[in-house]
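The values are calculated or read from the model by the stated rules, or taken from the named source; none is laboratory data. The model shown is predicted, which means the values in this text are computed figures rather than measured ones. Here Cβ is always computed from backbone atoms with ideal geometry, including for glycine, and neighbour counts include all displayed protein chains. Only protein heavy atoms, including side chains, enter the accessible area calculation; ligands, DNA and RNA are left aside. Shrake-Rupley method; radii C 1.70, N 1.55, O 1.52, S 1.80 Å.
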Amino acid sequence: MRFHVITIFPNIFDSYLNESIIGRAIKNKHISVVFYNPRDFIKDKNKNGYKPVDDKPYSGGPGMVMKAEPIILAVEKAISKIKNKKNKILTINFIPSAEKFTTDFAKTISKKYTDIIFICGRYEGIDARVDKILKTKKVSIGDYVLTGGELPAMILIDCISRQIPGVLGKYESLEEERISSSEVYTRPEALKHKNKNYKVPEILLSGNHKEIEAWKIKAN
Ligand code: SAM
């Protein structure tokens with residue numbers, strides 16, 4: 001799976017993509033992540049010597065809107081770099097009020113597509129004509145508003161990558177394919193804190209797998 005990220009802040013991704021399971025997945029070539037900065041697709045500098053990716057909104061109001069052209073050019077560049085034209089490409093734009101991202105969606109698109117392009121908005125969002133021209137899939141990660149689409153892109157990269165064979169090691173198999181619990185314990189068996197003992201539930205020490213699974217379902 002190849003991820004292509006359209007962002008004016010590519011450095012935000014550095015530490016997350018270099019560590020742990022996702023870092024290993026990139027090193028082992030199970031996934032790749034390439035960045036395209038819309039600012040690189042603006043020819044003219046303004047009077048301050050700056051290449052603006054945003055402009056004032058029509059109809060007035062506060063904030064700035066990201067211009068359509070540099071984003072479209074960045075996406076087109078990403079598509080032109082995808083060598084095999086048989087590849088299946090999905091372009092995602094992040095919108096807080098759109099359909100919510102889920103593990104089921106991650107599963108489906110991990111099987112259906114070879115290349116996913118993420119458009120990371122900033123400010124008041126992106127000129128809406130981008131969605132019409134690029135026929136994007138609009139996705140939200142939850143009912144709250146963030147300052148940009150970079151965190152949503154990282155969340156989708158993480159969740160979709162987990163679905164790709166080889167990304168998770170044998171100790172990290174997919175939770176959704178087995179009975180897992182949000183209530184988990186490790187050593188010591190009795191944890192002493194401020195003169196009180198906190199014990200691991202007896203059932204987890206019993207070796208009775210059927211009862212342990214029933215306990216896990218109940219604990220969720
Ligand atoms: N004015 C926009 C609105 O009312 O929908 C919100 C813009 S938000 C400040 C800036 C960018 O952050 C958005 O374009 C989107 O890329 C991203 N973003 C913010 N919250 C998000 C969420 N819950 N899910 C997905 N993307 C989000």
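Among the candidates K56, K29, which residue alone is in the same structural domain as A128 (by TED's automatic domain parsing), open to solvent by 80 Å² or more (accessible area, probe 1.4 Å) and within 15 Å of R122 (Cα to Cα)? Please lay out each step first, then the result.
Details: K29 fails: within 15 Å of R122 (Cα to Cα).
Residue meeting the stated conditions: K56.
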Out of region 171-202, which residues are in a loop (DSSP other than H, G, I, E, B), among the basic types (K, R) and over 20 Å from A214 (Cβ atoms)? R187, K194
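For Y113, indicate whether it is within 9 Å of the ligand (Cβ to nearest atom), of a type in the set (F, W, Y) and at pLDDT 95 or above.
Considered against the rule, which asks whether it is within 9 Å of the ligand (Cβ to nearest atom), of a type in the set (F, W, Y) and at pLDDT 95 or above, Y113 comes out as no.
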Looking at region 153-175, which of its residues are open to solvent by less than 10 Å² (accessible area, probe 1.4 Å) and either within 15 Å of the ligand (Cβ to nearest atom) or hydrophobic (A, V, I, L, M, F, W, C) (or both)? A153, L156, I157, I160, V167
Any residue in region 81-98 that is touching a helix residue (DSSP H, G or I) at 6+ places or on another chain (Cβ under 6 Å), touching a residue at least 60 places away in the same chain (Cβ under 8 Å) and among the β-branched types (V, I, T)? no
Of D131, D143, which residue is assigned by TED's automatic domain parsing to the domain that holds I95, at pLDDT 95 or above and exposed (fewer than 15 other Cβ atoms within 10 Å of the Cβ)? D143
